[in-house]
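Peer 1: Before anything else, here's the structure in question.
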Amino acid sequence: MLKVGLTGAIASGKSVVGEMFVALGAHLVQADRIAHSLMQPGEAVYDEVVRHFGRDILNPDGSVNRSKLAELAFGVSPASSQPARVEELNRIVHPAVLRSQEEWMDEVGRHNPNAVAIVEAALILEAGAAKQFDRLIVVKCGEEQRVARFAARHKLDLDAARKEVSRRMAAQLPEAEKIKAADLVIDNSGSLEQTREQVRQVWRRLRTEVGDPPS
């Protein structure tokens, strides 16, 4: 089995690329979804997050209000005078997410020794998780494209999106550093078909590496 990390800067198109790999036969899990499940009431990570960030981050039903947590973690509120606490949040969440990722990949491998198991995560390098993977793929695109995509996703105007992307990128390595660490790079700045063709080429290489070249 081949363990593959899929990463890139915010709004670079990681999820789109991940879906393309799944369509070709890859197994994929998103670290963000793992983190979301770990922050459900009753989970140890949930208890720690509430202990550190307070019950003001909770919705009336007891679930975590991700927008409120993001304000504290990333300092996204322009009116806030509080410093960002993203490192504090990451210290709580990352170890549990990394364990879950490893368990998921091991489970995939038990069922299919020739599988390609992909973990999509924004902070693979920042979390020191690159060693979990046999190959690291970085998705890249232009800065203004990231801003436009983030604006469309969150229904923001471009100025607000640019500020938000800048705040969140402050918690990530620059795209150039991610590319430097990559085994493979997919340029998602062109058309979807151009991206899809790159994904096909990378998939052929991954299948060859795992010992099951595509026909």
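Peer 1: How much mean residue ellipticity at 222 nm does the chain get from its helices, if each DSSP H run of length 4 or more adds -39500 (n - 2.57) and you divide by all residues, to the nearest 500 deg cm²/dmol?
Peer 2: One gets -16500 deg cm²/dmol as the mean residue ellipticity at 222 nm.
Peer 1: Ok, one more. How many lysine pairs does the range 88-215 hold where the Cα atoms are under 16 Å apart and the two sit 8 or more places apart or on different chains?
Peer 2: Going through the range 88-215 pair by pair, I get 5.
Peer 1: Under 11 Å from the Cβ of residue 48, count the other residues' Cβ atoms, weight Lys and Arg +1, Asp and Glu -1, and hand me the total.
Peer 2: -1
Peer 1: Same structure again: Residue 115: net charge of surrounding residues, Cβ under 13 Å, Lys/Arg +1, Asp/Glu -1, itself excluded?
Peer 2: Once positives and negatives cancel, what remains is -2.
Peer 1: Dipole of the chain (Lys/Arg Cβ +1, Asp/Glu Cβ -1, origin at the Cα centre): which of 111, 150, 49 lies farthest to the positive side?
Peer 2: Result: 150, furthest along the dipole toward the positive end.
Peer 1: Could you tell me which of rounded, prolate or oblate describes the range 93-139, using a ≥ b ≥ c as the square roots of the eigenvalues of the alpha-carbon gyration tensor, with rounded for a/c under 1.5 and, failing that, prolate when a/b is larger than b/c and oblate otherwise?
Peer 2: Oblate, since a/c reaches 1.5 and b/c is not below a/b.
Peer 1: For the residue pair residue 212 and residue 163, what label-to-label distance in nm results when each label sits 7 Å from Cα along the Cα-to-beta-carbon direction?
Peer 2: Going from the residue 212 label point to the residue 163 one covers 5.0 nm.
Peer 1: If you don't mind, there's one more thing I want to ask. Just grab the label-to-label distance for residue 87 and residue 177, each label 7 Å out from Cα along the Cβ direction, in nm (one decimal).
Peer 2: So the label points at residue 87 and residue 177 sit 1.2 nm apart.
Peer 1: Return the whole-Å distance between the Cα centroid of the range 13-31 and the Cα centroid of the range 125-158.
Peer 2: 14
Peer 1: Contact order normalised by length for the range 2-208, with contacts defined as Cα pairs under 8 Å and 6 or more residues apart; what percent is it?
Peer 2: 36
Readers should treat all values here as calculations from the given coordinates under stated rules, not as data from a laboratory. Quick caveat, the model's predicted, so the values are computed rather than measured. Cβ atoms come from the backbone with ideal geometry, glycine included; neighbour counts cover every protein chain shown.
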